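Below is one structure, written out as structure tokens, with a few remarks after it.
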């Protein structure tokens, strides 16, 4: 019997069986060998003349979003002095949460790492229809641009900065994290002489759309392959005005003090749904999962129903502290929703509404707390899931009681760096292997016990392609799954690695490749390519069986 690896060429004619993506592939009995691509003969074909061997190749690129574009909007109202000082103290810890997450001090990351980061602070203003102190004019000139100079001069700050800060895992170290933290601390001191009409939603939307496109002051900030996160920090609520109601900005209109008009007249504001729709439209229908929202606002810190993910806030707006009520002792202000020793916040109802619309992709924390690190949880929580699942073009045949398809998965990295080390089965325990040894390379062995082991990714050597670049190949471990006779279904993987779910077990109703990762190793590394090769046998009775060992 022959066994040929990834580098083998196929001889003879090919015959393709058509199938829709994500739909079962129906193979007739006694079909001649189907070669999905050249080099199909990687598995041992059967000796039984009644049976015909088939092979399938699926190729795909890692689609993980391990890049983050973080936009920060900071309230510049007169009441924000204490909060801006607290933010300056929080920025280094917040960045380390993203870029160097070692919370237990063991020098190992406690979650998957970002590959790179864009972060910028947006000027808080938005257009108004009347020239008012501290407000932008009707043209909104300068509004929505990322800050390139500190609004408030401070010791140790430069006069100018790049439009946004950049960090890359492979080229920048921890000292760069501290540098970015220092720069952001300077830019985050936005001052307290802002417009009494606070429009955080409109300001952010302008920054990402009008100013984020060609010719805009923020061009290049958002990337097509990145997660996008907006972080708002405010002790007020959103007052983004509707274009149909310019009277909101009319100083002579009988609508009350400028600072209270938005809260007392929500009917004059742009509906929150409009901003949710605009953000989703910016991402596009196929990339809704890239948008993340964080809000440090005036929700009461002792009310669990108002803290955490947006899909857990259904009762928040019913809490008495979130009611918009004039202070009987001073009708020029609202009753605070939360207080600190020297400051107070008002009910952020529109922020909570927007968070509810984005569900688990949004997180709300209280500005009256002293620790805001949890507000970045929408970004940190999605990273472990960002490398899968992957919808395959064809369903893989599995016999009754079988959980693991007869396949192997090879990842080709984008350079010659080593395959990630697995401490439970180090590379030193494995004899040299190449793609030509697949699907059965010589096993790795623990020298102390003689027990065989399988690393999460095993080195298969280098391959030099037509562009002259040497790239590393890694064999990715297939996770072991057990069949449960009681439920007649495959259980959860017993170890980290890739595993397969047929369409009837998939949320997307497609044949899916999943990755289980419990110790924050890579699934498929960003920039890599992967090839899944499978072999099976169809006999004249129509029975599908795995290829023999």
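Some points to look at:
- Members of region 347-359 that are more than 17 Å from residue 269 (Cα to Cα) and crowded, with 24+ Cβ neighbours inside 10 Å: 355
- Of the candidates 313, 354, the single residue that is within 32 Å of the chain's Cα centre (by Cα) and within 21 Å of residue 77 (Cβ to Cβ) is 354.
Here's the yes/no breakdown for (1) farther than 20 Å from residue 421 by Cβ; (2) in contact (Cβ under 8 Å) with a residue 40 or more places away in the chain:
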site	(1), (2)
460	no, yes
470	no, yes
481	yes, yes
489	yes, no
493	yes, no
502	yes, yes
505	yes, no
512	yes, yes
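- Of the residues making up region 302-323, those that are in contact with a strand residue (DSSP E or B) (Cβ under 7 Å, 6 or more places away or on another chain) and modelled with pLDDT under 95 are 307, 308, 309, 310.
- Residue ID - farthest from the chain's Cα centre (by Cα), chosen from residues in region 247-275 that are at pLDDT 85 or above and surrounded by 20 or more Cβ atoms within 10 Å (Cβ to Cβ): 261
- Just one of the listed residues (454, 471) is surrounded by fewer than 21 Cβ atoms within 10 Å (Cβ to Cβ) and within 18 Å of residue 529 (Cβ to Cβ), and it is 471.
- Region 445-457: number of residues that are touching a helix residue (DSSP H, G or I) at 6+ places or on another chain (Cβ under 8 Å) and within 19 Å of residue 494 (Cα to Cα): 2
- Search result, residues across region 417-432 that are farther than 15 Å from residue 471 by Cα, part of a loop (DSSP other than H, G, I, E, B) and in contact with a strand residue (DSSP E or B) (Cβ under 8 Å, 6 or more places away or on another chain): 422, 424, 425, 430, 431, 432
- All positions within region 222-235 that are surrounded by 24 or more Cβ atoms within 10 Å (Cβ to Cβ) and not in a strand (DSSP E or B): 234, 235
- Counting residues in region 500-511 that are at pLDDT below 90, over 29 Å from the mean Cα position of the chain (by Cα) and within 29 Å of residue 53 (Cα to Cα) gives zero.
- Residue match in region 281-299 (condition: surrounded by 13 or more Cβ atoms within 10 Å (Cβ to Cβ), more than 28 Å from the chain's Cα centre (by Cα) and part of a loop (DSSP other than H, G, I, E, B)): no
The values are calculated or read from the model by the stated rules, or taken from the named source; none is laboratory data. This is a predicted model, so every value here is computed, not measured. Neighbour counts run over all protein chains shown; Cβ positions are idealised from the backbone, glycine included.
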